[in-house]
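K.L.:
Take a look at this one; I'll ask things after.
A short reminder: the numbers here are calculations on the coordinates, not readings from a lab. Only a predicted model underlies this, so the values are computations on that prediction, with no experimental measurement involved. In this analysis, Cβ positions are derived from the backbone assuming ideal geometry, glycine residues included, and neighbour counts consider all displayed protein chains.
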Amino acid sequence: MNIYIGNLDYGITEAELSQAFGEFGTVSRSNVIMDKMTGRSKGFGFVEMPNDAEANEAIANLNESVLNGRKIRVNEAQPKEQRAAPRARY
């Protein structure tokens, strides 16, 4: 299951994110989303956990909890919506 984590501390690392979710089961991947221009965190990320039961337990326990001084929002990630291609301007 792919899990969305919002309101992350801007200094959090992927290793710290994996460690927090790893308390509830196996984490196959963690990703803190970075701004391409500044190289700074955008304040959200994703964790992938292969076992849905462990993922649901992590969501239930970590949603609205404090991680690195910030109250995080945790829920199942929704599929990214398809964006329309930008129109050429003449």
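K.L.:
Mean separation of Cα pairs under 8 Å and 6+ residues apart, divided by the residue count of the chain: what relative contact order is that in percent?
P.N.:
Working: 152 pairs, mean separation 33.3, N = 90.
Once divided by the residue count of the chain, the mean separation gives 37 percent.
K.L.:
For the chain, what is the largest minus smallest coordinate of the Cα atoms on each principal axis, given in angstrom and ordered from greatest to least?
P.N.:
That works out to 54, 27, 21 Å along the principal axes.
K.L.:
Grab the other residues whose beta carbon is less than 12 angstrom from that of E14, score K and R as +1, D and E as -1, and report the net. Please list the in-between numbers first.
P.N.:
Values: positive: R29; negative: E16, E48.
Local charge sum for E14: -1.
K.L.:
A further question on this structure: Using only the alpha-carbon atoms, how far is helix 52-62 inclined from the longest principal axis of the chain? Give it as 0 to 90 degrees, nearest 10.
P.N.:
The angle comes out near 90 degrees.
K.L.:
Lysines within cross-link reach of K71: Cα-Cα under 19 Å, excluding same-chain residues under 8 positions apart?
P.N.:
Output for K71: K42.
K.L.:
For the stretch 2-68, what is the charge dipole size about the Cα centre, in debye to the nearest 20, if Lys and Arg each add +1 at the Cβ and Asp and Glu each add -1 at the Cβ? Show your work: numbers first, answer last.
P.N.:
Values: 4 positive and 10 negative charges, 76 e Å.
So the magnitude is around 360 debye.
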